[in-house]
1. Name the residues in the range 83-118 that are aromatic (F, W, Y) and either farther than 26 Å from L65 by Cα or touching a helix residue (DSSP H, G or I) at 6+ places or on another chain (Cβ under 9 Å) (or both), would you?
2. Picking from I171, I148, which residue would you name as being among the hydrophobic types (A, V, I, L, M, F, W, C) and not in a helix (DSSP H, G or I)?
3. Tell me which of these A143 doesn't satisfy, since it passes every other one: (1) part of a helix (DSSP H, G or I); (2) within 14 Å of the chain's Cα centre (by Cα); (3) hydrophobic (A, V, I, L, M, F, W, C).
4. So, G47, is that one surrounded by fewer than 23 Cβ atoms within 10 Å (Cβ to Cβ) and modelled with pLDDT under 95 or not?
5. Please find, within the range 6-32, the residue that is farthest from K57 (Cα to Cα) out of those that are out of contact with any Phe, Trp or Tyr (no Cβ under 6 Å at 6 or more places or on another chain), among the hydrophobic types (A, V, I, L, M, F, W, C) and in a strand (DSSP E or B).
6. Among the residues of the range 95-105, write down those that are modelled with pLDDT under 95 and either on the phi > 0 side of the Ramachandran plot or crowded, with 18+ Cβ neighbours inside 10 Å (or both).
7. Within the range 130-158, take every residue that is of a type in the set (S, T, Y) and touching a residue at least 24 places away in the same chain (Cβ under 8 Å) and give me the one that is surrounded by the most Cβ atoms within 10 Å (Cβ to Cβ).
Amino acid sequence: MKEFNIVLTGVGGQGVLTLGMIIAEAALKQRYDIRTTELHGLAQRGGSIPFHIRFGKKMYTPLVLEGEADVIISLEPLEALRSCYYGSKQHKTIFLIDNDPIVPLSVSVLGETYPSIKEIKSSLKDFSEKVTILNASETVKKAIGSEIAANIYLLGYAIGEKLIPLDEKYILQAMEEVAPKYFDVNKKVFEMGINHR
């Protein structure tokens, strides 16, 4: 594999950075050359956070170019729209989205309408033939009492469906190193994502 490009997106407090570090560490363990970048606007709770991961034989730049993402994982539906230009039908970009909306302050303060999941999915069709929307937060909350590990559920789904070319064993090793305190819970949720059927 020459290169693989991932864009992760969500808002502060959803675990975008943790998810990015786990994927990056797993790619490193699988002996890929890797580049990552965090493009924080407002990394505090509620602020938009894109995280780019590029790995392959020899990588030079950390930024995913417009239209060149292989996978875009969004922990929040509206954030998927904000990152849509990294995807393209030509590049066969796959969108994987948690359908749990976090309505931004700008929408509630300005009295704007948050788009429906159907509208978001329809808009993304211009950038991808494959848009998958999951009830990740809801599923995880039912299983462990909190939706905080929805990011790990989406990762499990992506690995189970072979959307990301990384081995499960390296993901688990990376998970244990990046967030040892939550390893048991994360492992359970990750396996739920893999065995989602």
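1. Hits for the range 83-118 are F95, Y114.
2. Unique residue meeting the criteria: I148.
3. It fails just one condition, (2).
4. Numbers: surrounded by fewer than 23 Cβ atoms within 10 Å (Cβ to Cβ): yes; modelled with pLDDT under 95: yes.
Yes: the conditions hold for G47.
5. First pass over the range 6-32, keeping only residues out of contact with any Phe, Trp or Tyr (no Cβ under 6 Å at 6 or more places or on another chain): 6, 9-15, 17-19, 21-25, 28, 31.
So of that shortlist, the ones also among the hydrophobic types (A, V, I, L, M, F, W, C) come out as 6, 11, 17, 19, 21-24, 28.
Checking the rest, the ones that are also in a strand (DSSP E or B) come to 6, 11.
Values: I6: 15, V11: 31 Å.
So the residue we want is V11.
6. D100, I102, P104
7. Taking the candidates together, the pick is Y153.
A quick yes/no check of all residues on (1) touching a strand residue (DSSP E or B) at 6+ places or on another chain (Cβ under 9 Å); (2) in contact (Cβ under 8 Å) with a residue 24 or more places away in the chain:
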residue	(1), (2)
G87	yes, yes
Q90	no, no
L96	yes, yes
N99	yes, yes
S123	no, yes
S128	yes, yes
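The values are calculated or read from the model by the stated rules, or taken from the named source; none is laboratory data. Model, not experiment: these values are computed from the prediction. Cβ: placed from backbone, ideal geometry, glycine included. Neighbour counts: every protein chain shown.
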